[in-house]
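Working notes for the structure below.
Throughout, read-outs are computed from the coordinates displayed, never taken from laboratory work. Just so it is clear, the model here is predicted, and its values are computed rather than measured. Because the Cβ atoms are built from the backbone with ideal geometry, glycine has one as well, and the counts that use them run over all protein chains shown.
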């Protein structure tokens, strides 16, 4: 009789243990998550893709949430309740973003990822002894037959003018500018933007160099003719000490950029002209950075635009300038 009672008690204990174990086994495991690897971007890129993963403890109705732990601003999430989303409108600085997952039992797991946003990498190039060259080329039949080099002139003229007072007819000038520093971009650089600036002559400079007419297109001009120019890519190399009208390199109209008309007789600047694609073309194939050609779009006198060269600018800031942003 005692043996039977012991067996009943033993069975009851086993049932209790089984029930307790079953309850524990039904409980969801600890939630573990991964917010993804840290990332670094360079402005102007201002967004990243975020990928969160639940590595254990997920249930059928697990809820997700992306949030900002710290950072210089509050970014915009594409969907902060999705495992894969994006964060955009990021500014320079470091962000710590958190990925959270909560399962049916209310068990939550957290993990963070760091997003570093670096400022744009920028180089400023201007012609000089080691950084570039610029030159104008001239052809005035009978006066200058296109064999003279003007690489040390103080100005870059882009003109179609007459020389009647000197006993000659129509003549032409245009310019070339090359930025050697393009060749020094780090390997693998991705160009995001390239902006070219040319600075117009002052009235004093124009008079001093015997070029008093300045630009032809401005309010009240006796020659109100359009003087837009083409900025094109040279397809062969040249040197400012030897380039002339007769030996100038060929150019291509592929991705050419149009410049605006002048805005005043003097000090008419062209600033931040977008030449991004032209510069990309120059660096796409190493060894083909031959610079820009600058010519009038429309032939016929009297049309003129003129700018400081690297040799003639009153200060270095007025030399032709190329600003490149890259990553």
So, by mean Cβ neighbours within 10 angstrom, what's the order for 179-188, 31-40 with the highest one leading? 31-40, 179-188
Within the set 246, 61, 103, GNM on the chain using Cα springs under 10 Å gives the largest fluctuation to 61
Would you look at the GNM of the chain, springs on alpha carbons closer than 10 Å, and say which of 59, 114, 276 moves the most? 59
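Percent relative contact order of the chain, based on C-alpha pairs within less than 8 angstrom and at least six residues apart?
Numbers: 788 pairs, mean separation 63.5, N = 327.
Answer for the chain is 19 percent.
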In nm, the gap between the two label points placed 7 Å beyond Cα toward Cβ at residue 274 and residue 187 is 3.2 nm
Helix 2-26 versus the longest principal axis of the chain: what angle, 0 to 90°, nearest 10, using Cα atoms? 10 degrees
Among the range 135-164, those whose backbone N falls under 17 Å of a label point 7 Å along Cα→Cβ from residue 241 are 135-136, 148-153
7 Å from Cα along Cα→Cβ at both residue 145 and residue 53: what's the point-to-point distance in nm? 7.6 nm
With the 8 Å Cα cutoff and a minimum separation of six or more residues, the range 20-166 has a relative contact order in percent of 23 percent
Using a Förster radius of 35 Å, what is the FRET efficiency between residue 116 and residue 180 based on their Cβ-Cβ separation? Nearest 0.05, please. 0.60
Multiplying the sequence separation of residue 317 and residue 297 by 0.36 nm and subtracting their Cα-Cα distance, what value in nm do you get? 4.5 nm
Under a GNM of the chain (C-alpha, springs under 10 Å), which listed residue has the highest mean-square fluctuation: 154, 221, 193? 221
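Classify the range 123-326 as rounded, prolate or oblate from the Cα gyration tensor: take a ≥ b ≥ c as the square roots of its eigenvalues, call it rounded if a/c is under 1.5, otherwise prolate when a/b beats b/c and oblate if not.
Numbers: a/c = 1.78, a/b = 1.53, b/c = 1.17.
Judged from the Cα gyration tensor, the range 123-326 comes out prolate (a/c at least 1.5, a/b above b/c).
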Per-pair calculated FRET efficiency, R0 = 35 Å: residue 254 and residue 223 via Cβ, rounded to 0.05: 0.65
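Go through 263-273, 68-78 and give me the packing order, highest mean Cβ count within 10 Å leading.
263-273, 68-78
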